[in-house]
Amino acid sequence: MIPVRLRHPRGVTTISVDPDTTGIADLKTVIFSHTEIPPSQQEISYGYPPKKLPDTAGRLASIPITKGEQLIVTALPPKSPLRRRRPSVKELDEQLSAPLPPRDRGAPEAVVESPLAEGDIPVEPKETIKMPGDAGHLQLRVVPDDNSCLFSAIGVVFEGGISAAQKLRTVVANAIKADAVNYSDVILGRPRDEYIAKIQDKDTWGGAIELAVFAEHFKTEIASFDVKTGRVDKFGEGNYANR
């Protein structure tokens, strides 16, 4: 482990990284946890005179990033929207909130039943809308608005229900306990044992570190959306076939 200084819009932070095991994507996740700048909006410079950090899949040692290195992190504006127009948050909300058309009571409605795969959750028509083009479907799932909402949401997607929230806290605790390199005191922002104990408390919020753990645990790229700003943060980006 070597110390690395981050200069970012919020100030200066020192982190510890292992150049031989830490990749660019891992570094960006750590930077996000300290600066709240999404990985997709980070521009990182190093060395003197400063030059842009290459966006490669290699390890930091190959760049190289050495002991005492200073990284300058700049927040880029969000990327321009894709050419295909996607509905706004307001439009999606209106579609989800719109009343269902009245049924024709003169004739019975045809019902086609199909067995649910294990772990599937029945979907009501009002909770799913078709996205434009080949973008698939957007499915609404409401979880309790409490300090376990992140774990409940992950539980609904991967475990079939919110009852798995506490189990998922244990998944995080075990992952951190097993990896002192990527989850050091500096990265966690507090002593490891304290963080491991605290994250198992149902009143503790989850965040970027937990989503990074879940992406690796479920071998799935996970995207979190800020519905107010439209910001998207991706974890495990490009690492897995499932998204």
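The values are calculated or read from the model by the stated rules, or taken from the named source; none is laboratory data. Keep in mind that what you see is a predicted model, and the values were worked out from it rather than measured. Virtual Cβ from ideal backbone geometry, glycine too; neighbours counted across all protein chains shown.
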Residues of segment 49-68 classified as crowded, with 18+ Cβ neighbours inside 10 Å and either outside the structural domain of D18 (by TED's automatic domain parsing) or not basic (K, R) (or both), total: 3
Taking first residues from segment 229-243 that are on the phi > 0 side of the Ramachandran plot and assigned to a loop (DSSP other than H, G, I, E, B) and second residues anywhere that are surrounded by 13 or more Cβ atoms within 10 Å (Cβ to Cβ) and small (G, A, S), the pairs with Cβ under 9 Å that are 6 or more apart or on different chains are G236/A25; G236/A212; G236/A215; G238/A25
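Could you grab me the full set of residues in segment 37-48 that are outside any strand (DSSP E or B) and either at pLDDT 85 or above or surrounded by 15 or more Cβ atoms within 10 Å (Cβ to Cβ) (or both)? Outline the logic, then answer.
Within segment 37-48, the first condition is being outside any strand (DSSP E or B), and the residues that meet it are 37-41, 47-48.
The answer is I37, P38, P39, S40, Q41, G47.
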Sole residue being without any contact (Cβ under 8 Å) to a residue 60 or more places away in the chain and either of a type in the set (D, E, K, R) or loosely packed, with under 14 Cβ neighbours inside 10 Å (or both), chosen from E194, E210: E194
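Looking only at segment 3-32, how many residues end up being surrounded by fewer than 17 Cβ atoms within 10 Å (Cβ to Cβ) and not in a loop (DSSP other than H, G, I, E, B)? If you could, list the steps in order and put the result at the bottom.
Just the residues of segment 3-32 that are surrounded by fewer than 17 Cβ atoms within 10 Å (Cβ to Cβ), to begin with: 3, 5, 7, 9-12, 14, 16, 18, 20-21, 23.
Pick out the ones that are also not in a loop (DSSP other than H, G, I, E, B) and you get 3, 5, 7, 11-12, 14, 16, 23.
Adding up the residues that qualify gives 8.
Let's see how each residue does on (1) surrounded by 15 or more Cβ atoms within 10 Å (Cβ to Cβ); (2) under 30 Å from V17 (Cβ atoms):
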position	(1), (2)
I129	yes, no
P132	no, no
D146	no, no
I154	yes, yes
F158	yes, yes
A165	yes, no
V171	yes, yes
N174	no, yes
Y183	yes, yes
Any residue in segment 32-44 that's over 13 Å from L6 (Cβ atoms): show its pairings with residues that are at pLDDT 85 or above and assigned to a helix (DSSP H, G or I) at Cβ separation under 6 Å, as long as the two are six or more apart or on different chains. P39/K28; P39/F32
Would you check if there is a residue in segment 185-205 being closer than 27 Å to A75 by Cβ, within 13 Å of the chain's Cα centre (by Cα) and not assigned by TED's automatic domain parsing to the domain that holds T35? no
